[in-house]
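A.B. asks: The structure follows.
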Amino acid sequence: RFVELIMATDSGSFLESPKGDQSLTADFEFPKNRNQWKQDKNCIVCYTACGSLGITNAKKYRCKFCFRGVCSKCSTRTAWQPELQEYKRICRNCYQKTLEKHYMQGYSEELKEAKSANEDYKIRIDQEIQEKKVIIDERVKIEEQIEELRKEHRKKKEELLKTIEALENEKTDLDTKTDTIETQLYEVKNEVDGKNQQIYKLETAIKKIKDKNDKDKDEIGELREKLAEAQDENVSLLRKIESKRSLAPAENKKEKKQKEREMKLMETLDQLNDKYRDLETKNQQIEEEIKKTEEDIEERDEQIKEIKEQLSEQVTKPTINYDEEEQVKELRTKVQEQQNEIVRLKSQLSKKKKKP
Ligand SMILES: [Zn+2]
Ligand SMILES: [Zn+2]
């Protein structure tokens, strides 16, 4: 464009030249010396000799911008003279200079704009790269977190399964123990029932023996009374014998008979006494046996009581104790939380992935 304009300048005629843009020469730098054209003997553009004296072949004009001498061919244009505030003759040098300056300015501005646009673009791209990097870093972090949480979750799950297994084993053990104790208790109860029956039998037997004893005692009492009576009779008979001995020997016979009866009674009494002693010894033995059995029963009762206490302890004791149950609950809650966290992180991640 610049070259085209220069060419146009060359071919144009002076007065026909279009009045250019005022801004083209608005900041033109004017020389200090405004009389230089007077000394110029040649056109400063084409070096054709020119002058005002008319000897030479070209008329000398004055460029109103550089104030130098030029020929008419080299100053066919006018331009806005900011000092004089009107369009004035301009030499080809000055015109070229202004055009050059103008276009250079335009280009440099365009270049500047393009450069700054480029800079902006670069900055924007850098920013985008940085943002993308941040997002990628964040994504990597989140993926690491998810992996960690997964590991932790797996570990917790394994622990929980182990705890559950241990608790189940404990429960099975306790069930087995309870069964054993119940069987033992059942056996002891049966034994106690047997003993009670035995005791009942023994008590019945004792009662019978006691009744018999009482009866025997009554009999002994009766016999004693009879004995006493017989002794009394004996005494009286002895007295009679004493008194009659002197009187009649015939009565000796009677006396003898009396003595024999007496002897017989004494024998019976001895026998009864022996029987009584035997019965008492037997009685004592039976009482001792009863005492022993009662002690035995007492001991059994104690054993039963102990076993019952043990049983009730084990029955009331929960198979899974409170602390363990709490622990299991806590662990379950934690696992749930972690699962929620994973879901949340996943949704975050998917949101970030959707973003451009
Ligand atoms: Zn010239
Ligand atoms: Zn000039």
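A.B. asks: Is it the case that region 56-65 has a residue that's assigned to a loop (DSSP other than H, G, I, E, B), surrounded by fewer than 15 Cβ atoms within 10 Å (Cβ to Cβ) and assigned by TED's automatic domain parsing to the domain that holds ASP27?
C.D. replies: yes
A.B. asks: Criterion first (away from ligand 2 (no atom under 16 Å from the Cβ) and in contact (Cβ under 8 Å) with a residue 12 or more places away in the chain) does ILE129 satisfy it?
C.D. replies: Criteria not met by ILE129.
Residue-by-condition table, conditions (1) surrounded by 10 or more Cβ atoms within 10 Å (Cβ to Cβ); (2) at pLDDT 80 or above; (3) of a type outside the set (Lys, Arg):
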| residue | (1), (2), (3) |
| --- | --- |
| ASP270 | yes, yes, yes |
| GLN284 | yes, yes, yes |
| LEU311 | yes, no, yes |
| PRO318 | yes, no, yes |
| ASP323 | no, no, yes |
| LEU349 | yes, no, yes |
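A.B. asks: Quick check: is even one residue across region 232-241 surrounded by 13 or more Cβ atoms within 10 Å (Cβ to Cβ) and in contact (Cβ under 8 Å) with a residue 40 or more places away in the chain?
C.D. replies: No, that holds for no residue.
A.B. asks: If you go through region 105-157 one residue at a time, how many are closer than 30 Å to GLU330 by Cα and charged (D, E, K, R)?
C.D. replies: Residues in region 105-157 being closer than 30 Å to GLU330 by Cα and charged (D, E, K, R): 12 in total.
A.B. asks: What pairs come out if I take residues in region 181-209 that are under 30 Å from GLU313 (Cα atoms) and pair them with residues that are at pLDDT below 90 and among the charged types (D, E, K, R) whose C-beta lies under 6 Å away, six or more apart or interchain?
C.D. replies: From residues that are under 30 Å from GLU313 (Cα atoms), the pairs are VAL192/ARG300.
A.B. asks: Of everything in region 73-95 that's open to solvent by less than 60 Å² (accessible area, probe 1.4 Å) and outside any strand (DSSP E or B), which residue is nearest to PRO31 (Cα to Cα)?
C.D. replies: Of everything passing the filter in region 73-95, CYS94 is nearest to PRO31 (Cα to Cα).
A.B. asks: Considering only region 165-174, state which residues are surrounded by 12 or more Cβ atoms within 10 Å (Cβ to Cβ) and of a type outside the set (A, V, I, L, M). Before you say what the answer is, go through the steps one by one.
C.D. replies: Taking region 165-174 first, the residues surrounded by 12 or more Cβ atoms within 10 Å (Cβ to Cβ) are 167-168, 170-171, 174.
If the condition is that a residue be surrounded by 12 or more Cβ atoms within 10 Å (Cβ to Cβ) and of a type outside the set (A, V, I, L, M), then GLU168, GLU170, LYS171 are the ones that fit.
A.B. asks: Identify, by number, the condition in (1) touching a residue at least 12 places away in the same chain (Cβ under 8 Å); (2) in the same structural domain as GLN22 (by TED's automatic domain parsing) that ALA49 doesn't meet.
C.D. replies: It fails just one condition, (1).
A.B. asks: Which residue, of ARG261, ARG300, is assigned by TED's automatic domain parsing to the domain that holds GLN184, surrounded by 10 or more Cβ atoms within 10 Å (Cβ to Cβ), under 30 Å from ILE181 (Cα atoms) and not aliphatic (A, V, I, L, M)?
C.D. replies: Just one listed residue meets the conditions, ARG300.
The values are calculated or read from the model by the stated rules, or taken from the named source; none is laboratory data. Here the structure is a predicted model, which means the values were calculated and not measured. Neighbour counts run over all protein chains shown; Cβ positions are idealised from the backbone, glycine included. Only protein heavy atoms, including side chains, enter the accessible area calculation; ligands, DNA and RNA are left aside. Shrake-Rupley method; radii C 1.70, N 1.55, O 1.52, S 1.80 Å.
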